[in-house]
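All remarks here apply to the structure that follows.
Throughout, read-outs are computed from the coordinates displayed, never taken from laboratory work. What you see is a predicted model, and the numbers here were worked out from it, not measured in a lab. Here the Cβ positions follow ideal geometry from the backbone for every residue, glycine too, while neighbour counts run over all protein chains shown.
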Amino acid sequence: MELSNPNCQLNCIVQFDDFDIATEYAKLQLTPHCGAVVLFSGLVRQQFDGCLQGLELEHYPGMTELAMLKIAKQASLKFEIGAITAIHRVGILLPHDQIVLVGVAAPHRKDAFAACEFMMDFLKNEVPIWKKSHFYHQGSSQSAWVETKQSDVNAKDRWHGKITR
Amino acid sequence: MELSNPNCQLNCIVQFDDFDIATEYAKLQLTPHCGAVVLFSGLVRQQFDGCLQGLELEHYPGMTELAMLKIAKQASLKFEIGAITAIHRVGILLPHDQIVLVGVAAPHRKDAFAACEFMMDFLKNEVPIWKKSHFYHQGSSQSAWVETKQSDVNAKDRWHGKITR
Amino acid sequence: MQNNVRILFFASLREAVGFSEMHFPLTEPCSAKELQIAITKLDKLDKADIANRDLLVAINQQLASWDSQVTPGDEIAFFPPVTGG
Amino acid sequence: MQNNVRILFFASLREAVGFSEMHFPLTEPCSAKELQIAITKLDKLDKADIANRDLLVAINQQLASWDSQVTPGDEIAFFPPVTGG
């Protein structure tokens, strides 16, 4: 069991349903002693020259929640923050749909930005979720698993050596 | 007149009224080719051992809008982003009230985070807005102009030499 | 005492294997790498080419290294690099 | 042709000065620093101690350096370091 900062509220969820950013923001806004809220929303980006039909997200039930919470606990120890909300959707998503939300409330903006980026960099590399693209190509429906990007690995690696566990 | 990226939508506003983060997010979410939205919200933080009554924000009408737009234009050239929304409130604000919103939509999260942080670091140093704290102290109402923080100057200075003008 | 492990496959590996879950007999602890090599030899996993894939392994729902110990009763998952977020 | 400049004060400087706006006669261009020194000598700005404050200057609503040129007709603003955001 990882340690976490008991003064930081952690809220990690995996769900099929869409989420409402205003509802999550309203909760973060009330975090005691916080002057900064940073929200990241990841959307299904139109690709394949506009021929993307949707993304299918598969995950490892049970481990996904544990992996998200583990990253949030690390963030709560590494940064001076008061609350983290992380919601990841799975299932079939359409272009422009919301995929993931990470929200952080902190006394000051530097920690709020850093913790939110830290959460995303590790979510991309250590949470067991996989995306499959469904798209039209030359008149037929095709699909392909999304490949890992080296830029995402690099984004995670820049935090190494600085992580408080 | 500064140059800007014509493919980036810039929306900079100074107002007394509160803003609605969900409304601003909904506009950013529709930005073409964008997979990432980062929102920063600055709130009136409780201080003075809970005795802060409110903040009074004074600004330089005319120049404030120009200064915000100038920073947004620089961000549009420096980062690969599709839209920036910046709203700064002035007047009397109470604890937990929203002060400032910066939202950025971009194809990828790295640029969205960087542009949002860049906007805030320069807003803190180059936009003519001043805060005065009103608080209770030993039974009486007092007020004091907020002092510039060296950490805010440092946050801006780290971008120097990297700015495309 | 348990004498097998539960093995899970996800995403492109699950598709290559053709199913998502199996049990494998194990009476003594071994490393995750040894378990991977052992199942690669199974006839029913012949086409999945497990040995030549870039895979990650989780033991009891925690990311693990290939020399981590697998114990009878554990839940082991093999999967390709993740692409969530 | 204009023969003065409009000068604005904000925040703690405005409070120290006691008013937010004035006009000052100027027929020839000068630097922002020279203008600051010139108004410091005015009786009505005596108590504001303008010379010894950490101030910024804007010319026609753009942040400027102290050696920037001020021209008759310009709008000049003096103010303390900003604290918005």
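The figures follow:
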| item | result |
| --- | --- |
| The stretch C:40-85, Rg to Rh (Cα coordinates; Rh as Kirkwood inverse mean 1/r) | 0.99 |
| Whole-number percent relative contact order across chain A, with pairs defined as alpha carbons under 8 Å at least 6 apart | 31 |
| Dipole magnitude (debye, nearest 20) for chain D, charges at Cβ of Lys, Arg, Asp, Glu | 120 |
| Kyte-Doolittle mean at least -0.5 and Cα axial length at least 18 Å: DSSP H helices in chain A | A:63-78, A:109-126 |
| Volume per residue of the C-alpha convex hull in the stretch B:9-157, rounded to whole Å³ | 109 |
| Cα pair distances of the protein assembly as shown binned at 10 Å [whole percent] | 4, 17, 24, 21, 15, 10, 6, 3, 1, 0, 0 |
| Mean separation of Cα contacts under 8 Å, 6 or more apart, over the residue count of the stretch A:108-149: relative contact order % | 26 |
| Proximal aspartates and glutamates to A:K73, defined as alpha-carbon separation beneath 15 angstrom and excluding residues fewer than eight positions away on the same chain | A:E2, A:E65, A:D111, A:E117, A:D121, A:E126 |
| Total formal charge among the other residues, if their Cβ is under 13 angstrom from that of A:L93, Lys/Arg +1 and Asp/Glu -1 | -1 |
| Cα centroid separation - the stretch A:54-80 against the stretch B:5-28, whole Å | 30 |
| Highest-fluctuation residue, A:S41, A:S151, A:S76 considered, GNM on chain A with Cα pairs under 10 Å | A:S151 |
| Leading residue at positive end of dipole, the protein assembly as shown (Cβ point charges), from A:I92, B:C12, C:P72 | C:P72 |
| Distance between the stretch D:40-68 and the stretch B:103-165 - C-alpha centres, whole angstrom | 23 |
| Those chymotrypsin sites (Phe, Trp or Tyr not before Pro) in the stretch A:1-48 that DSSP places in a loop and that have at most 14 other beta carbons within 10 Å | A:F16 |
| Rg/Rh (Cα only; Kirkwood hydrodynamic radius) as it applies to chain D | 0.94 |
| Cross-link pairs A:K70/A:K156; A:K149/B:K110; A:K110/A:K149; A:K131/C:K41 - those with Cα-Cα distance over 22 Å | A:K110/A:K149; A:K131/C:K41 |
| Net charge dipole size for the protein assembly as shown [Lys, Arg +1 and Asp, Glu -1 on Cβ; Debye, nearest 20] | 520 |
| Relative contact order (%) - criterion: Cα under 8 Å, at least six apart; region: chain D | 41 |
| Chymotrypsin sites (Phe, Trp or Tyr not before Pro) within chain C, DSSP loop, no more than 16 other Cβ atoms inside 10 Å | C:F19, C:W66 |
| Point-charge dipole on Cβ atoms (K/R +1, D/E -1) for chain B, about Cα centre, debye to 20 | 500 |
| For chain D, with +1 on Lys and Arg beta carbons and -1 on Asp and Glu, the positive-most of D:A48, D:L35, D:F24 along the dipole | D:A48 |
